[in-house]
Amino acid sequence: MISADRSVRTTCPYCGVGCQIDLSIKDEYIYRVDAPFDAAPNYGMLCVKGRFGTDYVKHPRRVKTPLIRDNRQEGRSAEPVWREATWDEALDYVADQLVRIKNQYGGEAIGSYASAKATNEDTYVFQKFIRALLGTNNVDHCARLCHAGSVAGLQLAIGSSAMSNSIAEMEDLDVFIITGSNTAETHPVIANYLKRAVRKNGAKLIVADPRQIEMVDFSHLWLQQNPGTDVALFQAMAHVVVKEGLYDEEFIAQRTEGFQEYIESLESFTPEWAEKVTGVPAGKISEAARLYASADRAAIYWGMGISQSTHGTDNTISLTNLALMCGHVGKPGTGLNPLRGQNNVQGCSDSGGLPNVYTAYQLVNAPAVKEKFESVWGTALNDRPGLTATEMIDGALTGVVRGLFVVGENPMLSEPNQNHTRKALEQAEFLVCQDIFINETGEMADVILPATSFAEKDGTFTNTDRRVQRCRKAVEPVGQSWPDWKITSELGRRVEERLGVSLSAGFDYDHPSEIWEEMRHVTPDFWGITYERLDREGGVH
């Protein structure tokens, strides 16, 4: 039996559940992963990826040193010829190119991708670098292509875009709806909690999905709607709630607005009409509406089957309206819950990795917010919301965007039109990728900056129910790779020098805890969360 040199508790790098894991280390290799039974949110549970998927940390194809492309003249789609470089050479080159583009075309000619796999501290420093030094809000990440519909709908309706239930509440539900999520496959730990609610507590599950997913086996009702008819289904359920007087009058009066106009808009959306559109029998629609509206504790869970749609925002708003009219928001066991797909996609959004907001969704065009960040960072800031991820790709094709800085993302794989994306990246004057492997986008880059994996750095992640948790360094970085925050900080100092500026809160960080403290200072939502508290309590909502 192998005897470990040490064991390190950290946060799983896969889905948005944020499972706590213990890494057993021997000779700087992770040889075993355990799930502690005393730690939230997973309490001993892990999916197969979390338990066995750590080999990539020491994979031989990891990028171990900065790389500069030697055959730029052949075009970005030519097979790259890489030359190893020192950190000084690579960072000087990147700084020179970014400053050149900024001086020649303006900061808004630079687009950037933050990473949903990086820590909160990594993202905060990166978006600060883009905004404070390059003068643009052109920073976005993969949420644009997954839960952007959920974010937009929830922000419009209730002003918050995260799960409103905690994972711990899932076992205590009376009724819950799952739609647009193959939960047992994509979020196995959450699926286990929801299965327990059915098996142990007798909760009633309503599955609304065109496919017979595993969770259908645990359901009380399966609403098998035709693809693309989600809004019709949920509007018809709302129609039943109104016609049968099942709505929560007190909640509506105290906590909502526009209810009278909304119920008038529902008049024609009868279950009989919806049956013709969705294929779901009118009786089942009515039964589902009565079941959900009459419950004491009812919640809705959804995945990208709801948000990744031409009407994803409408899907989310229709679910939100249904929850609000029934009073199933803001009370224990009630809520609206988009299930996040990557380990820090929630945290990347919370940390300012979006083009229209700073940390915790503070609007870039709100004068008081802008003034606060200008005061702390010591520089004038741009109050125009930046380009989204898809708009940056379009901008590269038309010449609006001249340079791209991609951290831990892969637009060549994730953007909806690969040929369009390739043509756009071919037009860019400069492309730098910061990652642990060379992916399809990296193959087209001018420079590759080697970052570290989750197991090689400290920081925090924020899971799907907005639980902030520690990520702890378990092994030494491979080769010459650096944590993302360090790369950005070293680059920031070089760009400051070239621009002849010096931010009052610059890039002189020695540890991620210092970055978190700065982020707390400008983010009221984070004021009560310290590293000491995270280490003591294991995580803070």
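The values are calculated or read from the model by the stated rules, or taken from the named source; none is laboratory data. It should be emphasised that the depicted structure is a prediction, and the values quoted were computed from it without experimental measurement. All Cβ positions, even for glycine, are placed from backbone atoms using ideal geometry, and neighbour counts span all protein chains on display. Heavy atoms of the whole protein, side chains included, go into the accessibility calculation; ligands, DNA and RNA do not. Shrake-Rupley method; radii C 1.70, N 1.55, O 1.52, S 1.80 Å.
Does ILE252 meet the test of being of a type in the set (A, V, I, L, M) and farther than 11 Å from LEU223 by Cβ? Spell out the reasoning first.
Numbers: of a type in the set (A, V, I, L, M): yes; farther than 11 Å from LEU223 by Cβ: yes.
It is true that ILE252 is of a type in the set (A, V, I, L, M) and farther than 11 Å from LEU223 by Cβ.
Scanning the range 223-249 for residues that are charged (D, E, K, R) and outside any loop (DSSP other than H, G, I, E, B), which turns out surrounded by the most Cβ atoms within 10 Å (Cβ to Cβ)? Full working, then the answer.
To start, the set of residues in the range 223-249 that are charged (D, E, K, R) comprises 230, 243-244, 248-249.
Filter once more, so that each one left must be outside any loop (DSSP other than H, G, I, E, B): 230, 243, 249.
Numbers: ASP230: 27, LYS243: 15, GLU249: 11.
Result: ASP230.
So, in the range 341-374, exactly how many residues are in a loop (DSSP other than H, G, I, E, B), at positive phi and either open to solvent by 10 Å² or more (accessible area, probe 1.4 Å) or out of contact with any helix residue (DSSP H, G or I) (no Cβ under 6 Å at 6 or more places or on another chain) (or both)? Quick ask: steps written out before the conclusion?
Here is the first cut: in the range 341-374, the residues in a loop (DSSP other than H, G, I, E, B) are 341-344, 351-353, 355-356, 358, 362, 364-366.
From what is left, the residues that are at positive phi are 352.
Going one step further and asking which of them are either open to solvent by 10 Å² or more (accessible area, probe 1.4 Å) or out of contact with any helix residue (DSSP H, G or I) (no Cβ under 6 Å at 6 or more places or on another chain) (or both), we end up with none.
Residues meeting the conditions: 0.
Inside the range 402-422, can you point out the residues that are of a type outside the set (Ser, Thr, Tyr) and part of a helix (DSSP H, G or I)? Steps first, please.
Of the residues in the range 402-422, the ones of a type outside the set (Ser, Thr, Tyr) are 402-413, 415-420, 422.
Once the filter is applied, which keeps residues that are of a type outside the set (Ser, Thr, Tyr) and part of a helix (DSSP H, G or I), the range 402-422 yields PRO411, MET412, LEU413, GLN418, ASN419, HIS420, ARG422.
Give the residues of the range 423-433 that are within 25 Å of PRO483 (Cβ to Cβ) and in contact (Cβ under 8 Å) with a residue 60 or more places away in the chain, sorted by residue number. Working first, answer last.
Keep residues of the range 423-433 that are within 25 Å of PRO483 (Cβ to Cβ), which gives 430-433.
Matches in the range 423-433: PHE430, LEU431, VAL432.
Are there any pairs with C-beta distances below 6 angstrom linking a residue in the range 93-109 that is within 22 Å of ASP383 (Cα to Cα) to a residue that is surrounded by fewer than 18 Cβ atoms within 10 Å (Cβ to Cβ), with the two at least 6 apart or on different chains, and if so which?
Close Cβ pairs (under 6 Å, with a partner that is surrounded by fewer than 18 Cβ atoms within 10 Å (Cβ to Cβ)) amount to VAL99/ARG498.
In contact with a Ser or Thr (Cβ under 7 Å, 6 or more places away or on another chain), assigned to a loop (DSSP other than H, G, I, E, B) and more than 23 Å from SER112 (Cα to Cα): which single residue out of GLY44, GLY18 fits that description? Let's see the steps before the verdict.
Working: GLY44 fails: in contact with a Ser or Thr (Cβ under 7 Å, 6 or more places away or on another chain).
One residue alone meets the criteria, GLY18.
Does any residue of the range 49-61 turn out to be among the β-branched types (Val, Ile, Thr), in contact (Cβ under 8 Å) with a residue 12 or more places away in the chain and open to solvent by 20 Å² or more (accessible area, probe 1.4 Å)? Write out each step before concluding.
Looking only at the range 49-61, we keep the residues that are among the β-branched types (Val, Ile, Thr), and these are 54, 57.
Now restrict to residues that are in contact (Cβ under 8 Å) with a residue 12 or more places away in the chain: 54, 57.
If we keep only those that are open to solvent by 20 Å² or more (accessible area, probe 1.4 Å) as well, we get none.
No - not one qualifying residue is present in the range 49-61.
If you scan the range 107-148, which residues turn out to be more than 21 Å from ASP96 (Cβ to Cβ), of a type outside the set (A, V, I, L, M) and surrounded by fewer than 24 Cβ atoms within 10 Å (Cβ to Cβ)?
ARG144, CYS146
Hey, any hits in the range 378-385 for a residue that's over 30 Å from THR523 (Cβ atoms) and over 21 Å from the mean Cα position of the chain (by Cα)?
First, pick out the residues of the range 378-385 that are over 30 Å from THR523 (Cβ atoms): none.
Checked the range 378-385: no residue is over 30 Å from THR523 (Cβ atoms) and over 21 Å from the mean Cα position of the chain (by Cα).
Got a sec? Which of SER489, SER481 is small (Gly, Ala, Ser), modelled with pLDDT of 95 or more, open to solvent by less than 30 Å² (accessible area, probe 1.4 Å) and touching a Lys or Arg at 6+ places or on another chain (Cβ under 7 Å)?
From the options SER489, SER481, the qualifying one is SER481.
Assess whether GLN225 counts as being under 30 Å from MET45 (Cβ atoms) and modelled with pLDDT of 95 or more. Give the steps one after another, and end with the answer.
Numbers: under 30 Å from MET45 (Cβ atoms): no; modelled with pLDDT of 95 or more: yes.
So GLN225 fails the test.
Pick from ALA35, ALA4: which is at pLDDT 95 or above and either open to solvent by less than 20 Å² (accessible area, probe 1.4 Å) or out of contact with any helix residue (DSSP H, G or I) (no Cβ under 9 Å at 6 or more places or on another chain) (or both)? Don't jump to the end; show me each part of the working.
On the way: ALA4 fails: at pLDDT 95 or above.
After applying the criteria, what remains is ALA35.
For the range 72-90: of the residues being among the aliphatic types (A, V, I, L, M) and either buried (at least 23 other Cβ atoms within 10 Å of the Cβ) or out of contact with any Asp or Glu (no Cβ under 9 Å at 6 or more places or on another chain) (or both), which is farthest from GLY500 (Cα to Cα)? Break it down stepwise before answering.
The first filter runs over the range 72-90 and keeps only residues among the aliphatic types (A, V, I, L, M), leaving 78, 81, 85, 90.
Imposing the further condition that a residue be either buried (at least 23 other Cβ atoms within 10 Å of the Cβ) or out of contact with any Asp or Glu (no Cβ under 9 Å at 6 or more places or on another chain) (or both) reduces the set to 78, 85, 90.
Numbers: ALA78: 37, ALA85: 26, ALA90: 20 Å.
So, considering only residues that are among the aliphatic types (A, V, I, L, M) and either buried (at least 23 other Cβ atoms within 10 Å of the Cβ) or out of contact with any Asp or Glu (no Cβ under 9 Å at 6 or more places or on another chain) (or both), the one farthest from GLY500 (Cα to Cα) is ALA78.
Kindly indicate whether any position in the range 267-284 is part of a loop (DSSP other than H, G, I, E, B), open to solvent by less than 70 Å² (accessible area, probe 1.4 Å) and under 30 Å from PRO188 (Cβ atoms). Step through it out loud before you land on a result.
Step one: filter the range 267-284 for residues part of a loop (DSSP other than H, G, I, E, B), giving 267-270, 279-281.
Adding the requirement that they be open to solvent by less than 70 Å² (accessible area, probe 1.4 Å) leaves 269-270, 279-281.
Right, trim to under 30 Å from PRO188 (Cβ atoms) and you get 279-280.
Checked against the condition, which is being part of a loop (DSSP other than H, G, I, E, B), open to solvent by less than 70 Å² (accessible area, probe 1.4 Å) and under 30 Å from PRO188 (Cβ atoms), the range 267-284 yields at least one hit.
Of the numbered conditions (1) among the small types (Gly, Ala, Ser); (2) in contact (Cβ under 8 Å) with a residue 12 or more places away in the chain; (3) out of contact with any helix residue (DSSP H, G or I) (no Cβ under 7 Å at 6 or more places or on another chain), GLY75 satisfies every one except a single condition; which is it?
(3)
Filter the range 398-415 down to the residues that are surrounded by fewer than 17 Cβ atoms within 10 Å (Cβ to Cβ) and among the aliphatic types (A, V, I, L, M), then identify the one that is nearest to PHE507 (Cα to Cα).
Kept after step one, since they are surrounded by fewer than 17 Cβ atoms within 10 Å (Cβ to Cβ), are these residues of the range 398-415: 398-400, 413.
So of that shortlist, the ones also among the aliphatic types (A, V, I, L, M) come out as 400, 413.
Working: VAL400: 28, LEU413: 32 Å.
The residue in question is VAL400.
Just checking: which of the helices (runs of 4 or more DSSP H) contained wholly in the range 452-541 hold 1 or more residues that are of a type outside the set (A, V, I, L, M, F, W, C) and within 23 Å of ARG131 (Cβ to Cβ)? Working first, answer last.
Working: elements: 484-499, 512-521, 531-537.
It comes to 484-499, 512-521.
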